[in-house]
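Read through the structure below, which is laid out as structure tokens, and then see the notes.
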Amino acid sequence: MGDPTTGSGRTLADHFRRLIAATGPISLARFMGESNARYYAGKDPLGAAGDFITAPEISQMFGELAGLWLADIWTRTGRPDGAFYAELGPGRGTLARDALRAMGRVGLEPPVHLVEGSPALAALQRQAVPQARFPADLAEVPMEGPILLLANEFLDALPVRQLVKTGPGWREVMVALDDSGQFTLVAGGLPMDAAVPEARRGAEDGTVIETCPAAAAIVAEVAGRLARQGGAALFIDYGHTAARTGSTLQAIRAHTKVDPLALPGEADLTAHVDFATLAEIASAHGARWLGTVEQGAWLRALGLEARAEALARAAPDQREAIGRAVERLAGAEQMGRLFKVMALVGPGWPGGAGFPAP
């Protein structure tokens, strides 16, 4: 695709250098947000020829089980009318296609709304799910009817804000230029102590705290929708279920970790999702939090091995590949432990398979 460029033909790195030289350091959140916006706008980053691969691209089993999870809850709620499927960050449309196929097997054929900001990916989604509508954001998703929502590896790409404890107090982490013109992280000059929970303000110098205001806003919106409209939602991503400190920012290009500051707009910038905080936000906005569990345990509870065996019997020559997919999706050293699944439902909606009973 070549270097991501601004409208003037300069690369995004050039744009940032000019901006920093003129106005001073910029926040890490701005650097990450603009980098990912440019990165996703003009390319398909998925697959062997791209930069990374997601669970739906590993095996159809992932999407099928996610779709059946939603369909099961909808069925046990009494098959309410007006339910629709929504997905945040739908990738190539693979997850939606597989989930909808599984839903159809139990009589659920909902309208489809794929929230996508990338023209390149939206074109692929139209091929995979031709009946879908493509709202630009959640505000354009229907305000009536139960919402059945999936968001897989969506929250991790939203910009994080980092705060670092310094001698004078807490400061925001900024991106500046070093003497050689390369990007580097520095502590900002403005006091940020008020943005840090009081219980954590006394941390040692050098301690870094990450927050993600964009993820918090989206989960709050989804939770409010569930409270008003009913429905169920799954957020699936890599992250942690207890408060932690330290930077988790990373960049992936061609399936390899690279310096997060080196290639703005050319690599996928991500950070671990703080599921502990998001669960509190969801509950505060009226949704019922069913729990946050490891992806491997959740998939196995939904019958991953049984589905794999059925696929292998139907295609014996693919048995070994199917086995590798199971290990990659659920293995403790693969995606099984690092990736978490957070489930939310509307008031009065039942719990779901793979989560502790209320």
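Being in contact (Cβ under 8 Å) with a residue 12 or more places away in the chain and within 14 Å of the chain's Cα centre (by Cα) is a condition met by no residue of the range 188-200.
For (1) within 17 Å of the chain's Cα centre (by Cα); (2) free of Cβ contacts under 8 Å to residues at least 60 places away in the same chain; (3) not in a loop (DSSP other than H, G, I, E, B), each residue gets a yes or a no:
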position	(1), (2), (3)
Ala96	yes, yes, yes
Val106	no, yes, no
Leu124	no, no, yes
Gln127	no, yes, yes
Ala151	yes, no, yes
Asp156	yes, no, yes
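Regarding Leu114, is this residue part of a strand (DSSP E or B), more than 22 Å from Pro260 (Cα to Cα) and in contact with a Leu (Cβ under 6 Å, 6 or more places away or on another chain)? The answer is no for Leu114.
For every residue, the table says whether it meets (1) in contact with a Leu (Cβ under 8 Å, 6 or more places away or on another chain); (2) of a type outside the set (Asp, Glu).
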residue: Ala308; (1), (2): no, yes
residue: Asp317; (1), (2): no, no
residue: Gly331; (1), (2): no, yes
residue: Gln334; (1), (2): no, yes
residue: Arg337; (1), (2): no, yes
residue: Val341; (1), (2): yes, yes
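Look at the range 241-261: where a residue is in contact (Cβ under 8 Å) with a residue 12 or more places away in the chain and a partner is surrounded by 17 or more Cβ atoms within 10 Å (Cβ to Cβ) and charged (D, E, K, R), sitting 6+ places away or on another chain with Cβ atoms under 6 Å, you get Ile252/Asp51; Ile252/Asp268; Arg253/Asp51; Ala254/Asp51.
Put simply, of Ala232, Ala194, Ala227, Ala215 the only residue that is small (Gly, Ala, Ser), under 21 Å from Leu28 (Cα atoms) and surrounded by 13 or more Cβ atoms within 10 Å (Cβ to Cβ) is Ala215. Among the residues of the range 84-94, are any assigned to a helix (DSSP H, G or I), more than 30 Å from Glu204 (Cβ to Cβ) and small (Gly, Ala, Ser)? No, that holds for no residue.
Remark: pairs (first residue in the range 217-230, among the β-branched types (Val, Ile, Thr); second residue part of a helix (DSSP H, G or I); Cβ separation under 6 Å; 6+ apart in sequence or on different chains) = Val219/Leu278; Val219/Ile281; Val219/Ala282. Name the residue that is modelled with the lowest pLDDT, counting only residues in the range 182-200 that are over 30 Å from Ala13 (Cβ atoms) and in a helix (DSSP H, G or I). Checking each candidate, the answer is Ala199. Inspect the range 118-130 for any residue being β-branched (Val, Ile, Thr), surrounded by fewer than 18 Cβ atoms within 10 Å (Cβ to Cβ) and at negative phi and give the result as yes or no. No, the range 118-130 contains no residue that is β-branched (Val, Ile, Thr), surrounded by fewer than 18 Cβ atoms within 10 Å (Cβ to Cβ) and at negative phi. Contact annotation: residue pairs with Cβ atoms under 8 Å, 6 or more positions apart or on different chains, pairing a residue in the range 316-331 that is closer than 15 Å to Glu57 by Cα with a partner that is aromatic (Phe, Trp, Tyr) and part of a helix (DSSP H, G or I), are Leu329/Phe62.
The values are calculated or read from the model by the stated rules, or taken from the named source; none is laboratory data. Quick caveat: nothing in here was measured; it's all calculated off a predicted structure. Virtual Cβ from ideal backbone geometry, glycine too; neighbours counted across all protein chains shown.
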